[in-house]
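Shown next, in structure tokens, is the structure this report addresses.
All of the numbers you see were taken from the coordinates with simple rules; none came from a lab. Bear in mind that the values here come from a model prediction, so they are computed numbers and not experimental data. Cβ sites come from the backbone with ideal geometry, for glycine too, and all protein chains shown count toward neighbours.
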Amino acid sequence: MIHRCHAATVIAGFLLCALASAVSLGPFAGVASAATSPTITAPSPTVNISLLVQGSGFTPGGQVHLEVDSGTAVVSSTNVVASEPSSYLVCVYGVKPVCHQVTTPGGQFQATVALSNLGCDGSAAGTVKATDLSTGSVASEPIVWTTMC
């Protein structure tokens, strides 16, 4: 009798594992592996000739080319390196400590780019572009900057 119970338990465990594998290969299998498009945020400054640009979704540890264009002129350009993935341990201490690993994916950057000084009460419109030099992906955002006297 014990042999039959053990065999039934093994078969039930095998069926559950097979079902879990089939579910993981279902319609959601491609979602987790889909590449994230790079994005940037660059708030339009007022009365400032420098612009803080933040980006995410770039190749971790890869080069990113930042460029500010106004019309057909390049106002500013620079290269930055996107962050590497990192992980750290988070523990909650109580009666028994509970710890888990937290991982950040990398591919982020924060940089300041120079804008042209427009003189007294000047205003200009332009575009900030960030190009992932590893993949060729481009993220862009329109900006407007002004200077005052």
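Between THR135, THR146, which is under 18 Å from ALA42 (Cβ atoms), in contact (Cβ under 8 Å) with a residue 24 or more places away in the chain and β-branched (Val, Ile, Thr)?
Only one candidate qualifies: THR146.
Restricting to region 54-98, what's the tally of residues that are free of Cβ contacts under 8 Å to residues at least 60 places away in the same chain, within 30 Å of ASN117 (Cα to Cα) and assigned to a strand (DSSP E or B)?
Residues meeting the conditions: 12.
Going by the structure shown, is GLY119 surrounded by 14 or more Cβ atoms within 10 Å (Cβ to Cβ), part of a loop (DSSP other than H, G, I, E, B) and small (Gly, Ala, Ser)?
no
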